[in-house]
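The values are calculated or read from the model by the stated rules, or taken from the named source; none is laboratory data. Nothing here was measured: the structure is a model prediction, and the numbers come from that model. All Cβ positions, glycine included, derive from the backbone under ideal geometry; neighbour counts span all protein chains shown.
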Amino acid sequence: MIRLRHFPSYVAALKTALFNKKLRLFKEFAPGHLSASINKGTSLVINLKGEMGCYLSPTSFSPSLSSPFLEALKKRLSDALVIDVSPFNDDRIIVFQLEGVNEVFHPTVYDLYIELMPGRGNMVLCENSHQIVASYHGEAGRLLLKGASYLPPERKLTEEIDPSPFDLEAYNQEMIARETIIFRQKAAALAGPLLNLCKRKIKASQKKVSQLTQDKLEAESHLNDGEKGNFIFMNLDSIDLDSGFMDYYGEKVALNKAKSLTENAEAFFKRAKKARATIENADKYIELARQEGEEAASLLPIIQNASEEAIKELLDRYSILDRKAKEKKEKLSPALYPYKVEIDGTVYLFGHNAAMNDFLSFVYDTRKSHYWLHVKDTHGAHLLIQADNPSDKQIQYGCELTLLASHLEEGEVIYCPRGNIRKGKEKGQVVLGEYQSALIRRISPEAKEAYALREKVK
């Protein structure tokens with residue numbers, strides 16, 4: 001949090017960095033966290049929660065939330081020129097003076113007030129001498145409705161102004177380092193319902209297995225009921241139905257006095273038939289119930305460590321958690337899990353088909369610094385090297401394994417950080433950013449030996 005006494009210097013540094021620049025593509029990438037593109041590779045980030053403030057970041061943010069306020073920014077400030085940036089009311093308020101367009105696309109000057117008071121972060125867009133157009137959220141005791149005049153929040157604290165220059169670059173780097181916390185919190189919020197649903201699926205599976213096992217044991221106790229039915233037919237004259245039981249070779253067996261002996265015999269035959277059917281199907285249903293629980297259990301560690309991108313992919317593509325979904329989606333089964341090879345302590349993961357490749361690259365391992373490999377200009381396996389900044393030797397083994405997994409003995413293999421790829425329209429399709437390539441003429445014995453020992457990830 002920027003101290004109030006540093007605020008004038010901080011805002012002056014922001015003005016120097018942003019004056020005469022254009023703000024485009026406003027988006028809210030997490031609750032209380034907004035960004036606007038300044039140019040390719042740089043964004044202005046506005047944090048209204050947590051470590052509040054405005055800073056410059058090289059991160060490319062994905063939009064995830066929508067609101068009337070955000071729509072107002074997009075409509076009026078889609079290509080807004082920064083005319084001025086100044087502190088306001090001797091408080092933690094920054095006012096951006098921006099030249100945008102009005103509802104009929106005429107050039108209009110807007111004031112965007114960014115309030116950075118602890119616990120009360122807000123944004124208010126105004127035109128025509130402080131007339132409110134929209135606010136990020138309302139506040140008790142303040143009239144922040146469209147058409148009202150903007151009044152700043154009541155000042156709570158005073159501090160002595162420090163005239164020393166503010167190091168905006170150091171502040172930018174500090175805030176960029178904290179972005180991982182925002183993304184982690186956002187992913188955790190997305191993952192929460194999935195985790196709870198997984199746990200319920202596991203519990204339901206255990207309960208179902210227990211009940212089916214009990215049903216099987218109960219059925220086994222009725223397998224010989226057919227013999228009891230035959231016994232009744234052979235002893236119709238000697239069984240006293242009024243007593244409510246019969247002596248079956250020393251065993252006291254209950255009878256239904258409301259039914260005839262013949263009807264009692266038929267009931268025993270039906271129970272025996274049902275018992276045989278139950279036992280015949282029990283193992284199949286127990287195995288299916290166990291598989292449901294195992295699938296949900298295998299998903300737990302993936303969800304707990306997944307990025308926002310991976311969780312969204314799980315929600316969109318796989319239906320393990322919702323068997324009754326109206327739209328037919330893919331089942332997350334063990335068949336989707338990649339294969340694993342380890343050479344000199346480095347793990348290499350790869351798929352063997354489009355579904356497995358898609359799962360590997362966009363759900364199973366989404367760490368941007370891990371390296372992604374694929375045979376150039378042809379269909380083949382996706383491979384990920386689970387190492388940051390892999391060495392030339394690791395990349396060589398990765399290229400060789402990529403060829404082997406694609407059923408090739410030689411060829412050109414492209415490689416890049418996983419952060420340089422994004423999902424294409426089709427399953428297993430990838431859109432590439434910058435990449436390098438290596439031409440492999442011969443695959444080493446070490447790679448062939450390791451590939452022969454490949455294992456399915458569990």
Name the pairs whose Cβ atoms lie under 6 Å apart, with the first residue in the stretch 365-388 and over 20 Å from LYS458 (Cα atoms), the second of a type in the set (Phe, Trp, Tyr), and 6 or more positions between them or separate chains? TYR371/TYR415; LEU373/TYR415
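Condition check ((1) surrounded by fewer than 18 Cβ atoms within 10 Å (Cβ to Cβ); (2) more than 30 Å from ALA272 (Cα to Cα)) across all residues:
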residue: ASN172; (1), (2): no, yes
residue: ILE176; (1), (2): yes, yes
residue: ALA188; (1), (2): yes, yes
residue: ASN196; (1), (2): yes, yes
residue: LYS208; (1), (2): yes, no
residue: ASP215; (1), (2): yes, no
Which residues, taken from the stretch 370-421, are over 29 Å from the mean Cα position of the chain (by Cα), within 22 Å of ASP344 (Cβ to Cβ) and in a loop (DSSP other than H, G, I, E, B)? SER391
Check ALA177 against each of (1) closer than 25 Å to ASP91 by Cβ; (2) part of a helix (DSSP H, G or I) and name the one condition it does not meet. (1)
Residues (closer than 25 Å to SER298 by Cβ, out of contact with any strand residue (DSSP E or B) (no Cβ under 8 Å at 6 or more places or on another chain) and either of a type in the set (Ser, Thr, Tyr) or surrounded by 11 or more Cβ atoms within 10 Å (Cβ to Cβ) (or both)) located in the stretch 401-458: LYS427, GLY428
Any idea which of (1) in a strand (DSSP E or B); (2) out of contact with any Cys (no Cβ under 8 Å at 6 or more places or on another chain); (3) within 25 Å of GLU154 (Cα to Cα); (4) among the hydroxyl-bearing types (Ser, Thr, Tyr) is the one SER129 doesn't satisfy? (1)
Looking at the stretch 336-350, which of the residues that are within 14 Å of VAL363 (Cβ to Cβ) and at pLDDT below 95 is surrounded by the most Cβ atoms within 10 Å (Cβ to Cβ)? PRO338
Residue within the stretch 258-278 that is surrounded by 13 or more Cβ atoms within 10 Å (Cβ to Cβ), under 30 Å from ALA297 (Cβ atoms), touching a helix residue (DSSP H, G or I) at 6+ places or on another chain (Cβ under 6 Å) and not hydrophobic (A, V, I, L, M, F, W, C) present: yes
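Any idea how many residues of the stretch 118-137 are over 31 Å from the mean Cα position of the chain (by Cα) and free of Cβ contacts under 8 Å to residues at least 60 places away in the same chain? Before you say what the answer is, go through the steps one by one.
At the first step, the residues of the stretch 118-137 found to be over 31 Å from the mean Cα position of the chain (by Cα) are 124-134.
Adding the requirement that they be free of Cβ contacts under 8 Å to residues at least 60 places away in the same chain leaves 124-132.
Summing the residues that are over 31 Å from the mean Cα position of the chain (by Cα) and free of Cβ contacts under 8 Å to residues at least 60 places away in the same chain in the stretch 118-137 gives 9.
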